[in-house]
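Visitor: Have a look at this one.
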Amino acid sequence: MYFANCYHHEDRDHDAWIDVIFGTWGAGSDRWDDHVSFACRVGPVAGQDQPASTLVTAGLAHPDGPLFGRKLDREAALRHPRLAEFWQVSDFILEHDPLVRGHVYGR
């Protein structure tokens, strides 16, 4: 599952914050003890011509609870075995979610 918060800035380029939750689905919240969340900010980065993705702390705009499970900060995410999977999902969102893609890339 993912959440994408798209921010419209009047004085600079747009950015999006993407939270991705991995874990068991199809069961009640009492069975979500394996949930783990990653997040990235996608937007302008100094020295880059195109928007770039940077790891950030997951779930900052959402309350703690079983849905987000363990919210990883940047350091924990960099060491987590599912990091490559997170980047695959993030890339998929940026390529296939028309709202997020249009917001970040203006297409």
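Visitor: Give the residue, chosen from Phe38, Phe22, that is under 26 Å from Gly65 (Cα atoms) and touching a helix residue (DSSP H, G or I) at 6+ places or on another chain (Cβ under 6 Å). First the steps, then the outcome.
Guide: Numbers: Phe22 fails: touching a helix residue (DSSP H, G or I) at 6+ places or on another chain (Cβ under 6 Å).
Of Phe38, Phe22, the one residue that is under 26 Å from Gly65 (Cα atoms) and touching a helix residue (DSSP H, G or I) at 6+ places or on another chain (Cβ under 6 Å) is Phe38.
Visitor: Looking at the stretch 73-89, is at least one residue in contact with a Ser or Thr (Cβ under 9 Å, 6 or more places away or on another chain) and closer than 15 Å to Met1 by Cα?
Guide: yes
Visitor: Sticking with this one: Which ones in the stretch 64-76 are assigned to a helix (DSSP H, G or I) and either surrounded by fewer than 11 Cβ atoms within 10 Å (Cβ to Cβ) or at pLDDT below 95 (or both)? Talk me through it step by step, then tell me what you get.
Guide: Filtering the stretch 64-76 down to residues assigned to a helix (DSSP H, G or I) leaves 74-76.
Matches in the stretch 64-76: Glu75 only.
Visitor: Consider only pairs whose beta carbons are under 7 Å apart and that are at least six residues apart or on different chains; among these, list those whose first residue lies in the stretch 64-92 and is without any contact (Cβ under 8 Å) to a residue 40 or more places away in the chain and whose second residue is assigned to a helix (DSSP H, G or I).
Guide: Pro66/Ser29; Ala77/Leu83
Visitor: If we keep just the residues of the stretch 77-99 that are among the aliphatic types (A, V, I, L, M) and out of contact with any Phe, Trp or Tyr (no Cβ under 9 Å at 6 or more places or on another chain), which is surrounded by the fewest Cβ atoms within 10 Å (Cβ to Cβ)?
Guide: Taking the stretch 77-99 as the starting set, the residues that turn out to be among the aliphatic types (A, V, I, L, M) are 77-78, 83-84, 89, 93-94, 99.
This time we only want the ones that are out of contact with any Phe, Trp or Tyr (no Cβ under 9 Å at 6 or more places or on another chain), so: 78, 84, 99.
On the way: Leu78: 10, Ala84: 8, Leu99: 11.
Across the stretch 77-99, the extreme among qualifying residues is Ala84.
Visitor: Also, quick follow-up: Kindly list, by first and then second residue, each pair from a residue in the stretch 1-26 that is without any contact (Cβ under 8 Å) to a residue 12 or more places away in the chain to a residue that is surrounded by fewer than 17 Cβ atoms within 10 Å (Cβ to Cβ) and not in a loop (DSSP other than H, G, I, E, B), limited to pairs with Cβ atoms under 9 Å and residues at least 6 apart or on different chains.
Guide: As it stands, the answer is Thr24/Arg31, since those pairs meet every condition given.
Visitor: Out of the stretch 4-27, which residues are of a type in the set (A, V, I, L, M), more than 12 Å from Leu99 (Cα to Cα) and either under 15 Å from the mean Cα position of the chain (by Cα) or assigned to a strand (DSSP E or B) (or both)?
Guide: To start, the set of residues in the stretch 4-27 that are of a type in the set (A, V, I, L, M) comprises 4, 16, 18, 20-21, 27.
If we keep only those that are more than 12 Å from Leu99 (Cα to Cα) too, we end up with 18, 20-21, 27.
Selection gives Ile18, Val20, Ile21.
Visitor: From the list Ala52, Ala61, which residue is over 21 Å from Trp25 (Cα atoms) and surrounded by 12 or more Cβ atoms within 10 Å (Cβ to Cβ)? Show your work before the answer.
Guide: Values: Ala61 fails: surrounded by 12 or more Cβ atoms within 10 Å (Cβ to Cβ).
After ruling out the rest, the residue left standing is Ala52.
Visitor: Would you point out which residue out of Thr24, Thr54 is β-branched (Val, Ile, Thr) and either over 27 Å from Gly106 (Cβ atoms) or in contact with a Leu (Cβ under 8 Å, 6 or more places away or on another chain) (or both)?
Guide: Numbers: Thr54 fails: either over 27 Å from Gly106 (Cβ atoms) or in contact with a Leu (Cβ under 8 Å, 6 or more places away or on another chain) (or both).
Checking each option against the conditions leaves just Thr24.
Visitor: Looking at this structure, is Leu60 in contact with a Ser or Thr (Cβ under 9 Å, 6 or more places away or on another chain), at pLDDT below 95 and assigned to a loop (DSSP other than H, G, I, E, B)?
Guide: Judged against the criteria, Leu60 is not a match.
The values are calculated or read from the model by the stated rules, or taken from the named source; none is laboratory data. Quick caveat: nothing in here was measured; it's all calculated off a predicted structure. No Cβ is skipped: glycine too gets one built from the backbone with ideal geometry, and neighbour counts run over all protein chains shown.
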